[in-house]
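K.L.:
Take this structure, written in structure tokens, and hold onto it; I'll ask about it next.
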Amino acid sequence: QQQRPAVHLTIVGSAPPRGVQALAGPSITVTGHVPDLLPYLRRAAVALAPMPYGAGIQNKVLEAMACATPVVATPQAVSALTIGTEEGVLIGTTAEELAARAVELLGNPARRQTLGKAGRAYVERHHNWATAAARLEQIYQAEGARRARAAGTR
């Protein structure tokens, strides 16, 4: 807010703690649960994923990238992704670093667009239905072959 006073922050997520709810004001909206995250991601200049932990793939990060919205995230938020800094995500490990990356992007529309397009391309390459279905088919075939070998040794 000090560097970009005109920016509006929207915090979207189920059951925000009281401390987060208390941030609501003229320049900050706290939504709580929303039925669809996509409208928020599509109109965002930057998506923030300040998750302090990461378990599996963070779908919210992938959803933002699929919307071509550049992401500023903690390493934990993208730990399950094989992603580089030129693929739609900038990393920050502290609140100060996350804020600096977001301010950097807010002041550079061309960089936002480049990162957004790169994030969209990453999702199309690595997380599309055809790729997922092919991988699942490989897993099923490998498991079927393993079971057939196991049954043949009895």
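K.L.:
Using the structure shown, decide if ALA145 is surrounded by fewer than 10 Cβ atoms within 10 Å (Cβ to Cβ) and in a helix (DSSP H, G or I).
P.N.:
So ALA145 does not fit the description; no.
Conditions tested, residue by residue: (1) acidic (Asp, Glu); (2) more than 14 Å from the chain's Cα centre (by Cα); (3) in a helix (DSSP H, G or I); (4) surrounded by fewer than 20 Cβ atoms within 10 Å (Cβ to Cβ).
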| position | (1), (2), (3), (4) |
| --- | --- |
| LEU81 | no, no, no, no |
| VAL103 | no, yes, yes, yes |
| ARG112 | no, yes, yes, yes |
| LEU115 | no, no, yes, no |
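K.L.:
Could you please let me know if LEU98 is modelled with pLDDT of 95 or more, assigned to a helix (DSSP H, G or I) and surrounded by 12 or more Cβ atoms within 10 Å (Cβ to Cβ)?
P.N.:
Spelling it out, LEU98 is indeed modelled with pLDDT of 95 or more, assigned to a helix (DSSP H, G or I) and surrounded by 12 or more Cβ atoms within 10 Å (Cβ to Cβ).
The values are calculated or read from the model by the stated rules, or taken from the named source; none is laboratory data. Only a predicted model underlies this, so the values are computations on that prediction, with no experimental measurement involved. Positions of Cβ are generated from backbone atoms using ideal geometry, with glycine treated the same way; all protein chains shown enter the neighbour counts.
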